[in-house]
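Rule-based calculations on the coordinates, nothing more; no lab input. Model, not experiment: these values are computed from the prediction. Because the Cβ atoms are built from the backbone with ideal geometry, glycine has one as well, and the counts that use them run over all protein chains shown.
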Amino acid sequence: MTYCDAAAQPFHGPYHDTEYGFPVHDDRVLFERLMLEINQAGLSWLTILKKREGFSRAYHDFDIERVARYGTRDRARLMRDAGIIRNRLKIEAAIENAKRIRAIQRERGSFVAWLDGHHPLERDEWRKLFKRTFVFTGGEIVNEFLVSTGYLRGAHVEACPIYRRVKKLRPPWLGVTRHSAGDR
């Protein structure tokens, strides 16, 4: 069964139909997706979708700069927050990865520019790059992050009507960058 087949229910449907596999050009959204994928490790995607609003509240709407400055009080607050996954390693990963994305933004201008600058890479090359750059980013987390944000193919089967909508937006996996899309 594919995600396209499973998406006909209240939580999966809206995500499948409006976000999954669609190209992302916003650092805050990319940070959110990375955090959600990290938090999904060992759990179901349904659990994460149900807690998504809680994550947004707890992590100040995924404000990268703010999360990068979280200290001891914020860590303790997050560990008490039943609206998120209360796993110390995942909380620490969110804060550390926010710091690393801030460094990328200072160096490259944006997280998007960093991703675009490394595209196209094969799955294994992406996994190695993420392992060197971020924390708590195993192969499955990296794969799902890149598929969900349009950098790797595989979000939708070709028979899915959403596949055509995504393809019209020229996701990076098509081999057309936002910078060269107007040249075609």
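A few points about this structure:
- Tensor-based shape of the stretch 35-142 (alpha-carbon gyration tensor, a/c under 1.5 rounded, otherwise prolate or oblate): oblate
- Computed P(r) (all Cα pairs; the stretch 82-184; 5 Å bins; percent): 2, 11, 18, 21, 19, 14, 10, 4, 1, 0
- Relative contact order, percent, the chain [alpha-carbon distance under 8 Å, six or more residues apart]: 29 percent
- Take the Cα of ARG77, go 7 Å toward its beta carbon, and the backbone nitrogen atoms of the stretch 39-60 under 15 Å from that spot belong to 54-60.
- Residue with peak Gaussian network fluctuation, the chain [Cα springs, cutoff 10 Å], from PRO161, PRO120, PRO23: PRO161
- Taking the square roots of 5 times each eigenvalue of the Cα gyration tensor of the chain, largest first, gives ellipsoid semi-axes of 26, 21, 14 Å.
- Under conditions of 4 °C and 1.567 mPa s, the stretch 1-52 yields 110 µm² s⁻¹ as its translational diffusion coefficient, taking Rh as the Kirkwood radius over Cα pairs in the Stokes-Einstein equation.
- Using all pairs of distinct alpha-carbon atoms, the Kirkwood hydrodynamic radius of the stretch 13-80 works out to 13.0 angstrom.
- Whichever lysines have a C-alpha closer than 20 Å to that of LYS90, once near sequence neighbours (fewer than 8 apart) are set aside: LYS50, LYS51, LYS99, LYS128, LYS131
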